[in-house]
1. Identify all residues within the range 282-292 that are touching a residue at least 12 places away in the same chain (Cβ under 8 Å), surrounded by fewer than 15 Cβ atoms within 10 Å (Cβ to Cβ) and in a helix (DSSP H, G or I); write none if there are none.
2. Sort through 260, 237 and tell me the only one that's touching a helix residue (DSSP H, G or I) at 6+ places or on another chain (Cβ under 9 Å), part of a helix (DSSP H, G or I) and at pLDDT below 95.
3. I'm checking my understanding of the structure. Among residues of the range 19-73 that are of a type in the set (Asp, Glu) and assigned to a strand (DSSP E or B), which one is modelled with the highest pLDDT?
4. Take the residues in the range 97-145 that are within 25 Å of the chain's Cα centre (by Cα) and among the aromatic types (Phe, Trp, Tyr), then tell me which one is farthest from residue 157 (Cα to Cα).
5. Of the residues 76, 120, 96, 110, which single one is part of a loop (DSSP other than H, G, I, E, B) and either farther than 22 Å from residue 212 by Cα or in the same structural domain as residue 245 (by TED's automatic domain parsing) (or both)?
6. Among the residues that make up the range 53-70, is at least one of them loosely packed, with under 12 Cβ neighbours inside 10 Å, under 27 Å from residue 157 (Cβ atoms) and not basic (Lys, Arg)?
7. Among the residues of the range 144-194, how many are under 22 Å from residue 116 (Cβ atoms) and among the β-branched types (Val, Ile, Thr)?
8. Given the condition among the β-branched types (Val, Ile, Thr) and in contact (Cβ under 8 Å) with a residue 60 or more places away in the chain, answer yes or no: does some residue in the range 248-265 qualify?
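The values are calculated or read from the model by the stated rules, or taken from the named source; none is laboratory data. Note that the structure is predicted; figures quoted are calculated from it, not measured. Here the Cβ positions follow ideal geometry from the backbone for every residue, glycine too, while neighbour counts run over all protein chains shown.
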Amino acid sequence: MSRRQRDWLWALLFVAPQLFGLLAFALFPLAFGFALSLMEWDGLGTREWVGLSNFRDQLASPEFRTAFRNTLYYTVLTVPTGLGLALLVALGVNRVRGRTLYRALFFAPVITSSVAVSVVWQYLLNGDFGILNAYLRDWFGLNPPNWLADTRFVMPAIALVSVWWSLGLNMVIFLAGLQNIPPTLQEAALVDGANRFRVFRDITLPLLTPTIFFAIVVAVIFSFQTFDQIFVLTNGGPLDASRTLVFHVYDLAFRDFAFGQSSAAAVLLFVTILAVTLLQFAAQRRWVHDQA
């Protein structure tokens with residue numbers, strides 16, 4: 001055995017236990033959650049094996065179905081709107097001088113605590129003394145609703161907060177994709193007589209599809225996992241109109257102390273996110289274009 005091979009062997013023997021420990025540390029909560037979903041446990045007493053009954057109860061639960069519908073509704077509201085606005089902002093910022101300043105300004109909410117952002121927006125959206133309703137009444141003579149207490153408007157209001165908070169992150173992602181496109185392709189199209197809309201449609205947008213795909217996958221996963229805004233702004237209300245899947249998991253575990261039911265709901269959420277992500281990866285072959 002050569003000296004180099006011995007060095008590699010010693011390095012492997014030194015690193016392997018640490019890697020195994022990190023892997024076990026990362027996988028243990030996941031494995032424990034799957035195991036707990038097959039049990040009935042209140043967090044203090046003995047665990048009782050119940051098999052798949054927790055999953056059957058959750059699938060038949062009106063609260064779980066409501067949370068699932070609300071999560072899908074929230075995803076439909078936030079993902080297209082948030083990514084569309086972020087793309088428009090990125091296109092604008094990419095053309096102006098001082099891009100660093102604009103990126104910092106738009107990215108500032110992202111590095112702010114989501115709880116702090118939600119508290120500020122809770123005051124802005126308040127139906128009695130909120131600034132938004134005051135402007136709508138005084139400037140436009142409207143009679144605006146109580147956004148966070150009306151079952152019709154609570155999810156759009158929460159979606160507005162989430163879109164504003166995540167706009168900077170999505171903008172930076174799109175900016176990275178735009179700056180990765182060779183400018184010579186766009187310049188050649190302009191020289192050939194194409195207008196800027198044609199350049200965007202036929203060159204920029206197709207070459208940006210890998211970035212768009214990445215942004216969609218991340219945004220969908222984040223939207224299915226939303227919790228902070230729900231907890232601070234509405235606490236799942238009114239009448240469960242803003243009850244999402246993650247809030248449902250929290251509610252079962254830390255209010256009802258039904259950890260088995262909560263774990264089953266979490267597993268169903270995990271399976272849903274995995275299925276949606278796999279579908280996106282399967283569909284990306286049809287519309288994502290590689291620059292190569």
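1. If we filter the range 282-292 for residues that are touching a residue at least 12 places away in the same chain (Cβ under 8 Å), which is where we start, we get 284, 287-291.
Restricting the remaining residues to those that are surrounded by fewer than 15 Cβ atoms within 10 Å (Cβ to Cβ) gives 287, 289-291.
Hit for the range 282-292 is 287, nothing else.
2. 260
3. It comes out as 40.
4. For the range 97-145, the residue satisfying everything is 102.
5. When all the criteria are applied, what remains is 96.
6. Within the range 53-70, the subset loosely packed, with under 12 Cβ neighbours inside 10 Å is 60, 62.
In the following step, the residues that additionally are under 27 Å from residue 157 (Cβ atoms) were identified as 62.
Next, only the ones that are not basic (Lys, Arg) stay: 62.
Yes, there is a match, as at least one residue in the range 53-70 is loosely packed, with under 12 Cβ neighbours inside 10 Å, under 27 Å from residue 157 (Cβ atoms) and not basic (Lys, Arg).
7. The total comes to 5.
8. We begin by selecting, within the range 248-265, every residue among the β-branched types (Val, Ile, Thr); these are 249.
Keeping just the survivors that are in contact (Cβ under 8 Å) with a residue 60 or more places away in the chain gives none.
No: zero hits.
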